[in-house]
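Input: a single structure, listed below in structure tokens.
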Amino acid sequence: MTIRLTNPELVRESAYINGQWVQARSGNRLPVTNPANGERLASVPDMNADDTFK
């Protein structure tokens with residue numbers, strides 16, 4: 001069974017930090033997959049503690 005969003009804008013591929021949607025400073029990303037079938041759903045920033053402080 002595949003679930004599709006009716007509004008794809010609900011999926012964010014950024015991290016919400018200090019009131020802003022941001023990417024990792026390194027530019028690295030992690031895949032988000034459906035564990036039932038391995039399908040790639042999105043990707044998210046691969047961040048560490050340094051990315052959360054300005």
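The values are calculated or read from the model by the stated rules, or taken from the named source; none is laboratory data. What you are looking at is a predicted structure, and each value in this text was computed from that prediction instead of being measured. In this analysis, Cβ positions are derived from the backbone assuming ideal geometry, glycine residues included, and neighbour counts consider all displayed protein chains.
Residues that are surrounded by 12 or more Cβ atoms within 10 Å (Cβ to Cβ) and either of a type in the set (Gly, Ala, Ser) or modelled with pLDDT under 85 (or both) within segment 28-42 comprise just one, Ala42. Scanning segment 1-38 for residues that are more than 14 Å from Asp51 (Cα to Cα) and among the hydrophobic types (A, V, I, L, M, F, W, C) turns up Met1, Ile3, Leu5, Leu10, Val11, Leu30, Val32, Ala36. Is it true that some residue in segment 25-37 is of a type in the set (Val, Ile, Thr) and in a loop (DSSP other than H, G, I, E, B)? The answer is no; no qualifying residue exists.
Going through (1) exposed (fewer than 10 other Cβ atoms within 10 Å of the Cβ); (2) of a type in the set (Asp, Glu); (3) within 9 Å of the chain's Cα centre (by Cα) one by one, Asp46 falls short only on (1). Name the single residue, out of those in segment 13-27 being over 14 Å from Asp46 (Cβ atoms) and without any contact (Cβ under 8 Å) to a residue 24 or more places away in the chain, that is surrounded by the fewest Cβ atoms within 10 Å (Cβ to Cβ). Ranking the candidates gives Gly19 first.
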